[in-house]
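Engineer: Quick one: this structure, given as structure tokens, is what I'll be asking you about.
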Amino acid sequence: MDQATRKKYVYWEWRTIIVLMIGYAFFYFVRKNFSIAIPAMESTLGFSKTELGIFLTLNGIIYGLSRFVNGILADRFSRRKLMTTGLVLSSIVNFAICFSPKMNGFVNVLDTQGKATMTLVYIIGSLWLMNGYFQGMGVPPCQSLLARWIKPSELATKQSIWNASHSIGAGLVAFLCSFLLKHFGYSAWQLCFAIPGAIALVGSLVIFFGIKDSPSSVGLPEIEDLDKKSGVAVPGKEHEDDDLKGAAFKKFVGKLVFGNPYIWILAVSNLCIYVIRFTLLDWGTSFLTQFKGMNIGLAGSVVGASEIVGGIAGMLVAGWITDRFLKSKAHRTCLISTIAATLCFVVVWKMPAGNNFMIILFFILTSFFIYSPQALLGTCASQQATKRAAATANGILGIFGYASTSVSGMLFGFLASTKMGWDAVFLVAVCFGIVGSLVIAVMWNAPADGYAKAEKVLAEIKSESPDLQ
């Protein structure tokens, strides 16, 4: 590849990473705002922890299923259009939640004390379920695009950079919503949906105009051809030839995804990791105020700092270590980080209330370590399934990861309301951390990626029927 082509490729590679970072951060603005608004909705509307936990659980399950469905779509259709559509629809849902109490003029959604009736519970719950599906249109296009734009030997480092968008988005929306609730009071909880919704609409324009679906769509060679002296690609042609279709796609996915034991090991580990992650992110503001005695402003800031400082640093360090020292074997980094995150989480649990410095320090350290496997398990799945089925493989991880909300949402909402309270929540979460460590340890000797296996599968496909691809 000549110097001009290489320079153009580097430009488009980093443009894609940066736009996807910005775009996906905006998905979190209209997703994790709900978690920050929970204490205000409890106080103002009279929602119970159990009801809020059910919202989080069902939203997570729908989100996981959506990631699987949209993962298949992202491997076969326009990722740019899919991602843009999801963010626009998610913004609209947030506006609808914001204005849902105003429906009281048409139907009684509030009682005489201004508290939520079951009608409002069902309305907001249904809207949040819809949001779960629309949110599932965000990650699959990103993972497919990253696998197509980044060489396998650099994917852990550069996908970790993109993955920082999770923490950037979650952290910024935590700061934003905490600021709104602190300065305008709990009664202004609707601002936590209206303002992030407006910001996300702007983000949808960034996505639509900022990315392209593949290197060949801008006249560049595909990642496996980067070191070949073949000149510049013909726009569109290689993109068409590069995607498997019909029976060829089904057979490839069957071998590299559904019949691949590594994908299922990663999926189970992902479930365990997400229990701890969502305990911090979904309930962090609540247990820091109710269990550790912090005020809402400080608690929200701690959650935000844990995402932006701890989460981003953890992902970047983990990605760099994986490619620099572990020969891109991201599953080994995941094991080490899962053990460390579980230990830090125990310290947060057992640290006495009032010792804010140590609580904040280990809360941030838990995020530092938990975001390593949160980012790299997806990288592992992309590597093992290769660029042709990266989104489908990550869709399976998404189902397992967000099935965790049946624990972190509904179960933890119930446990926090019992006599054991937050102690029971922490105990269960730590158990999941231990199980997650044991599961990913099984994969210690696995290869870094599945490209060698993919070549054999493609050869089988072509030998059986040259017209399949």
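Nothing in this text is a laboratory measurement; each read-out follows from the coordinates by a stated rule. Since we're looking at a predicted model, the values are computed, not measured. Cβ atoms come from the backbone with ideal geometry, glycine included; neighbour counts cover every protein chain shown.
Engineer: Between residue 188 and residue 117, what is the label-point separation in nm under the 7 Å Cα-to-beta-carbon projection?
Structural biologist: The two pseudo-label positions are separated by 2.9 nm.
Engineer: What Cys residues in the chain are without a partner cysteine, judged by a Cβ distance under 4.7 Å?
Structural biologist: 98, 142, 272, 334, 344, 380, 431
Engineer: Specify which labelled value, from (i) 26.2; (ii) 22.5; (iii) 23.3, agrees with Kirkwood radius over Cα pairs in Å derived from the coordinates of the model shown.
Structural biologist: Recomputing Kirkwood radius over Cα pairs in Å here picks out (ii).
Engineer: Would you mind checking which residues have amide H under 5 Å from residue 110's amide H? H placed 1.01 Å from N; only 5 or more apart, or other chain.
Structural biologist: 117
Engineer: Could you give the length gained on full extension between residue 179 and residue 417, defined as 0.36 nm per residue of separation minus the Cα-Cα distance, in nm?
Structural biologist: Result for the pair: 83.0 nm of gain on full extension.
Engineer: Next up: Nearest 0.05, what FRET efficiency do residue 247 and residue 151 give at R0 = 41 Å with Cβ-Cβ as r?
Structural biologist: 0.90
Engineer: Separate question: Along the range 66-75, what does the Karplus equation 6.51 cos²θ - 1.76 cosθ + 1.60 (θ = phi - 60°) give for ³J(HN,Hα), rounded to whole Hz, x for Gly and Pro?
Structural biologist: Coupling constants for the range 66-75: 5, 4, 5, 4, 6, x, 5, 5, 5, 7 Hz.
Engineer: Rounding to the nearest 20 debye, state how big the charge dipole of the chain is about its Cα centre with +1 on each Lys and Arg Cβ and -1 on each Asp and Glu Cβ.
Structural biologist: Result for the chain is approximately 280 debye, rounded to the nearest 20.
Engineer: Which value, in debye to the nearest 20, gives the size of the charge dipole of the range 1-103 about its Cα centre, when Lys and Arg are +1 and Asp and Glu are -1 at the Cβ?
Structural biologist: Magnitude of the dipole: close to 420 debye.
Engineer: Excluding residues on the same chain fewer than 8 positions from residue 251, give the lysines whose Cα lies under 16 Å from its Cα.
Structural biologist: Within the straight-line limit of under 16 Å, residue 251 reaches these lysines: 387, 453, 456, 462.
Engineer: Let me ask something else. If you find the alpha carbon centre of the range 242-317 and of the range 87-163, how far apart are they in angstrom?
Structural biologist: Going from one Cα centre to the other spans 16 Å.
Engineer: What do you get for the angle between helix 155-184 and the principal long axis of the chain? Use alpha-carbon atoms, 0 to 90 degrees, nearest ten.
Structural biologist: That helix lies at roughly 20 degrees to the long axis.
Engineer: Rounded to the nearest 0.05, what FRET efficiency do residue 459 and residue 129 give with R0 = 35 Å and r taken as the Cβ-Cβ distance? Could you check?
Structural biologist: Efficiency, from the Cβ-Cβ distance: 0.20.
Engineer: What's the center-to-center distance, using Cα atoms, between the range 341-357 and the range 409-469 in Å?
Structural biologist: Computed from Cα coordinates, the inter-centre distance equals 27 Å.
Engineer: Which distance in nm do the two modelled labels at residue 107 and residue 326 give, with both placed 7 Å along the Cα-to-Cβ direction?
Structural biologist: Taking the simple label geometry, residue 107 and residue 326 are separated by 5.0 nm.
Engineer: Subtract the Cα-Cα distance of residue 258 and residue 431 from 0.36 nm times their separation in residues, and report this length gain in nm to one decimal.
Structural biologist: 59.5 nm
Engineer: Taking the Cα-to-Cβ direction at residue 15 and at residue 438 and moving 7 Å from each Cα, how far apart do the two end points lie in nm?
Structural biologist: That separation, rounded to one decimal, is 5.0 nm.
Engineer: Quick one: helix 261-290 against the long Cα principal axis of the chain, what's the angle to the nearest 10°, folded into 0 to 90?
Structural biologist: 30
Engineer: Could you state the angle between the C-alpha long axis of helix 33-45 and the longest principal axis of the C-alpha atoms of the chain, as a value from 0 to 90 degrees rounded to the nearest 10?
Structural biologist: 20
Engineer: Is there a quick way to get the dipole size of the range 343-469? I mean about its Cα centre, with the Cβ of Lys and Arg at +1 and of Asp and Glu at -1; what is the value in debye to the nearest 20?
Structural biologist: For the range 343-469, the charge dipole is close to 240 debye.
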